[in-house]
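Below: the structure, in structure tokens.
The values are calculated or read from the model by the stated rules, or taken from the named source; none is laboratory data. This structure is a prediction, so every number in the text was calculated from the model and none was measured. Cβ atoms come from the backbone with ideal geometry, glycine included; neighbour counts cover every protein chain shown. Quick note on the areas: whole protein, heavy atoms, side chains included, nothing else; ligands and nucleic acids left out. Shrake-Rupley method; radii C 1.70, N 1.55, O 1.52, S 1.80 Å.
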Amino acid sequence: MEGSQGPQRGPQGWDEVASCVVFVGKEFRRRFHAAFYPADAVTTARNKLSKLVQTKSCKAYTDKFSELCLQIPDLADSEKRYRYLDGLQSNIQYALRLEFRSAMDTVQFDELAKAALAVDNIAFTTRARQNATQNRPRPAPPVPSSGPTPMDIDTTTVTKKDNKTSNGTRKPLTAADK
């Protein structure tokens with residue numbers, strides 16, 4: 001077909017194809033990072049990862065942690081686990097250390113993160129229940145009646161006028177009154 005605009009099949013066409021070599025795996029990643037990431041991006045990500053601590057939910061912490069880990073291509077799984085645990089709130093750390101006490105060196109990061117999310121969810125629902133019971137409206141204190149309450153001895157008064165003082169309190173009893 002004359003006038004066809006497709007790729008040329010001669011030696012010149014193969015040169016074009018050979019110049020568009022597709023890189024796969026580690027080589028692609030290396031070239032991609034060299035072309036699009038700043039020279040100190042990995043160092044910056046490592047510094048951020050070392051300072052990262054859980055201040056909000058465990059999900060927010062896990063998402064930020066995973067995002068930073070993606071920027072560090074040579075991050076070992078053992079270092080990932082250590083840094084992840086180190087940044088968690090102490091109550092979640094303790095629960096995970098109890099859960100994986102014998103297998104902490106062999107547990108996968110994804111499994112550790114999943115368990116941390118479960119512990120945080122349980123802690124959150126427990127706190128929510130406690131706050132709900134603490135914030136319930138208390139019954140109003142009883143309204144005092146106009147007279148003395150039963151068994152309130154301090155409010156008794158003497159009915160004889162001569163046993164009262166000027167301010168309305170009673171005088172000490174005399175020997176005849178006793």
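Pairs from the table (K26/K80; K26/K59; K26/K51) lying more than 26 angstrom apart at Cα are K26/K59; K26/K51.
Surface calculation, 1.4 Å probe, protein heavy atoms: L85 sits at approximately 10 Å² accessible.
Label-to-label distance, F124 versus E111, with points set 7 angstrom from Cα along the beta-carbon direction: 2.4 nm. Extension gain, A176 to A76, is 26.2 nm, computed as 0.36 nm per intervening residue step minus the present C-alpha separation. With a 1.4 Å probe and all protein chains left in place, how much of the accessible area of segment 35-117 comes from carbon and sulfur atoms, in whole percent? Within segment 35-117, the accessible surface is 52 percent carbon and sulfur. Accessible surface ranking for F32, F65, F124, F100, 1.4 angstrom probe, highest first: F124, F32, F100, F65.
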